[in-house]
1. Residue 162: loosely packed, with under 12 Cβ neighbours inside 10 Å and at pLDDT 85 or above, yes or no?
2. Could you check, for region 230-253, whether at least one of its residues is farther than 28 Å from residue 166 by Cβ and either in contact with a helix residue (DSSP H, G or I) (Cβ under 7 Å, 6 or more places away or on another chain) or modelled with pLDDT of 80 or more (or both)?
3. Can you name the residue in region 206-227 that is touching a strand residue (DSSP E or B) at 6+ places or on another chain (Cβ under 7 Å) and not in a strand (DSSP E or B) and is also surrounded by the most Cβ atoms within 10 Å (Cβ to Cβ) among such residues?
4. For region 112-131, give me the residue count where each residue is within 20 Å of the chain's Cα centre (by Cα) and either on the phi > 0 side of the Ramachandran plot or part of a loop (DSSP other than H, G, I, E, B) (or both).
C-alpha cells in the first residue's frame with residue numbers, strides 16, 4: 001500500500017507555473033497598471049522589438065506548454081524566446097470592440113534547458129493604440145526535455161555582456177534627462193487635430209512630477225532624449241523626443257519657460273485617451 005501511494009504521487013500531474021507582471025523585468029517604457037474593469041495588474045505601454053517583458057525561470061528543466069493571457073488592442077505579433085533560442089511568433093488580432101476579459105494565446109511546447117533560463121516577450125508590426133495589455137504567462141509541465149543543455153559560447157557571452165552594458169548606458173542617460181527636466185516648464189504647442197492652436201504647458205516639478213493638460217501625469221525618461229507620458233486610460237501614453245541633446249538647456253526653476261537652442265520637441269508616437277492625448281505630428285515651440 002505504501003509503495004502504491006508513492007507511485008501515485010510520482011505520477012500526479014503538476015499544476016501550471018503562473019508568471020505574473022510583478023515577477024517580470026520590464027524594459028524602459030513598459031509599466032504595470034491596475035484597473036477596476038479588468039482582473040489583476042497588467043503590463044501596458046508600447047511594446048516593440050526593443051521593448052521586452054523578461055522572466056527568469058525558476059522551474060525544473062524540461063518541456064513545457066507555454067500560453068499567455070492578454071487583452072488585445074491594436075494587434076500585431078507577440079514573440080516568445082527562451083535564452084538565445086528560436087523565437088516563437090504568434091499573431092494578436094486587433095480588437096474591434098472593448099474587451100475586458102483576457103484571452104489566451106498558445107505557443108505550443110518549449111524546452112527549458114536549465115533553471116535560471118530567461119523567457120523574453122517582444123512585439124512587432126504593432127498598430128495604435130498598442131499590441132495588447134499583458135496579464136500573465138503560464139508554463140505547464142509536459143515531461144523531460146529532449147534538448148541537451150549546452151554551455152554558451154564565448155561569442156554569446158560577449159554579446160550578452162555588450163547588450164547589458166548598452167541597456168545600462170541607456171538607463172543612465174534617462175536618469176540624467178529626468179534630473180535635468182526637474183524644475184522646468186516647456187510650452188507644448190499642438191498643431192493638428194481638435195487641439196489646433198493650443199499651447200499647453202508641461203511643468204516638471206522638483207519632486208519629479210509632471211503637470212500636463214491641467215493634471216498630474218506619470219512620466220518616464222526612456223533615454224537621454226525621450227520621455228513617455230502615461231495617462232489614466234489603460235495603456236494610453238504619448239512619446240515625446242527632443243530634437244537634439246537639449247543643447248544649452250539647463251534646469252533653472254527661476255527662469256520659468258526655457259528652451260534649448262533648437263527649441264523643439266517632436267511627437268513620435270502615442271495613443272489618444274478621451275481626447276486628452278496630443279495628436280501625432282505635434283511639436284513644441
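1. yes
2. Scanning region 230-253, I find no residue that is farther than 28 Å from residue 166 by Cβ and either in contact with a helix residue (DSSP H, G or I) (Cβ under 7 Å, 6 or more places away or on another chain) or modelled with pLDDT of 80 or more (or both), so the answer is no.
3. 222
4. Qualifying residue count for the region: 7.
The values are calculated or read from the model by the stated rules, or taken from the named source; none is laboratory data. What you are looking at is a predicted structure, and each value in this text was computed from that prediction instead of being measured. Glycine also receives a Cβ, built like all others from the backbone with ideal geometry; neighbour counts cover every protein chain displayed.
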